[in-house]
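Note sheet for the following structure.
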Amino acid sequence: MPSPGITIIGSGFAGLCMAIKLKEAGYHDFVILEKAPDIGGTWRENTYPGCACDVPSPLYSFSFELNPGWSRLFSPRQEIWDYLRACVAKYGLAPHFRFGKEVSGLEWDDERATWQVSTADGESFPTNAVVSGIGALHIPSFPEIPGRERFTRPAFHSARWDHSRDLTGKRVAVIGTGASAIQFVPVVAEQAARLHVFQRTPPWIQPKPDFAVPDGMKRALGMPGAARAVRDSIYWFLETRALGFTVDPRLMEVQRRVAERHLARQVPDPELRAKLTPGYTIGCKRILLSSDYYPALTRENVELVTDRITEIRDRSIVDAAGREHEVDVIIYGTGFKVVDALNDQRITGRNGLKIQDAWRTGVEAYLGVGTSGFPNLFFLLGPNTGLGHTSVVFMIEAQVRYVMDCLRLLSRTKARAMDVRPEVQRAYNERLQRRLDRLVWTEGGCTSWYLDEDGANRAIWPGFTFEYWARTRKVKPEAYELISPSPRRSGSVLG
Ligand code: NAP
């Protein structure tokens, strides 16, 4: 591969947004490396039945590419994937993709001030800057339950759904009751002869105000300004939820009442209701939205098992009460290895610094975008920029605009690379962690994938998203060390 100016990794919302903004700026010397044979990230990989977004589509889409044609308020996965494909076509991104290219390593060349990108198929090439849009939720996590590998019948993870398995009339076990499981459990419950849902921790669930958008409304949304007004209203409505998350957890009381009323209305049986009532502060784990999950659990053919799983045998699951549940299929809705996804990367920065060593005391970055010692490596949806209350596409756009500003700074100063100053990164993260310490994700009495093994929150942005937007609006040159070209090479990233 000829050496591209910029290498983007991943073709989900993040990678595509970066590519679109580069093209809009008239910059075409970039490639998008995608490990899979197609674009789409999360929305390509998750094909489980019932998969949809739990953030309203007018906001879970690009602000510069509004779609008045969404079929529902919360669009199904296929439609979101189609939307991304339409963006690829409209912005002419096709020539930039390199499919089947899994990045296996990134190595910074101090002498040349370039990255050497290696892919799993043995290719290697230099590039001036790397933008990583790999997301955090792509390595399936399987529970460490004794005997798991002994199960002789079909078993698969929600993010690797095995569509060749017809679940009709089967005895099915679902392990996990998170955001993915609550979407596919209602569908599986209708097909299976018996469904055993193994719950470790009950999630807080609120009603999903989903509806099919009538044609008349779609036409109205096509009128000038209408789709934007709807998007803005949803944005500000969801932003009010951040008050409880980021200002005072006591404000979550209203959210709790909404969820409790939802549970009471949908589950009349007090015993089942008790099993489904969470024992931690709402918001500590992601608040889930569903109007069909609780009704599915009240069906005759569905059993909610709350006794811990002690063992998996060749055809069954044994719980702590000693009951053996014989099943034909196990579906793992057990989430993703998040911190591993960051730590698994083989990235070597300045002076041979490995990213695992840089992150020995915790995964961190400045503004979630850059990590000291790794010049011209920009993360999209990097550390502490995930959200619990609104659309991550908003964060992606803020970050892409910030990266564009960084590239312009390089161009203006004729520097070859920029590296976050360690003291700036430290001060930023100390403030961030102090703020997170007293918030619901840490204080709410739960464990979640937001927290690392030391209990520090490395995933979530602890504020309003407009605050993040304001902080990333303009790059502060003093936060970076600008690395000048060596005498033998010249020019900056954007030329
Ligand atoms: P998740 O939220 O991490 O849930 C994993 C589930 O598996 C939890 O219920 C967990 O229980 C359970 N589990 C894990 N290990 C277990 C074990 N050893 N024994 C029994 N149960 C175990 O994973 P997810 O549902 O795939 O969702 C991951 C993230 O993806 C979400 O937080 C969200 O950000 C994203 N997502 C988004 C959407 C959307 O519509 N936007 C949809 C799906 C997913 P504990 O709670 O006890 O750990």
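The values are calculated or read from the model by the stated rules, or taken from the named source; none is laboratory data. From a predicted model like this one, the values you see are computed outputs, not experimental measurements. Quick reminder, even Gly has a Cβ in these numbers, built from the backbone with ideal geometry, and neighbours come from all protein chains shown.
List of remarks:
- Tabulated pairs, the range 435-454, first on the phi > 0 side of the Ramachandran plot, second within 12 Å of the ligand (Cβ to nearest atom) and assigned to a loop (DSSP other than H, G, I, E, B), C-beta under 9 angstrom, 6+ apart or interchain: 445/279; 445/280; 445/284
- Residue 347 vs. criteria surrounded by 19 or more Cβ atoms within 10 Å (Cβ to Cβ), over 26 Å from residue 271 (Cα atoms) and outside the structural domain of residue 114 (by TED's automatic domain parsing): no
- Pairing residues of the range 314-337 that are among the acidic types (Asp, Glu) with residues that are within 13 Å of the ligand (Cβ to nearest atom) and not in a strand (DSSP E or B), at Cβ distances under 9 Å and at least 6 apart in sequence or on separate chains, gives 314/147; 319/306; 319/307; 319/308.
Residue-wise test of (1) at pLDDT 95 or above; (2) buried (at least 16 other Cβ atoms within 10 Å of the Cβ); (3) within 11 Å of the ligand (Cβ to nearest atom).
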position	(1), (2), (3)
148	yes, yes, yes
156	yes, yes, no
168	yes, no, no
172	yes, yes, no
181	yes, yes, yes
194	yes, yes, no
197	yes, yes, yes
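- Candidates 441, 469 - the one that is assigned by TED's automatic domain parsing to the domain that holds residue 110, within 16 Å of the ligand (Cβ to nearest atom) and either among the basic types (Lys, Arg) or assigned to a helix (DSSP H, G or I) (or both): 441
- Filtering 48, 91 for residues that are in contact with a helix residue (DSSP H, G or I) (Cβ under 8 Å, 6 or more places away or on another chain) and within 13 Å of the ligand (Cβ to nearest atom) leaves a single hit, 48.
- Any hit, the range 89-108, residues being hydroxyl-bearing (Ser, Thr, Tyr), farther than 26 Å from residue 6 by Cβ and at pLDDT 95 or above: no
- When the range 251-271 is filtered for residues that are surrounded by fewer than 17 Cβ atoms within 10 Å (Cβ to Cβ) and either in contact with a Cys (Cβ under 9 Å, 6 or more places away or on another chain) or closer than 18 Å to residue 296 by Cβ (or both), the ones remaining, listed by number, are 264, 265, 268, 269, 271.
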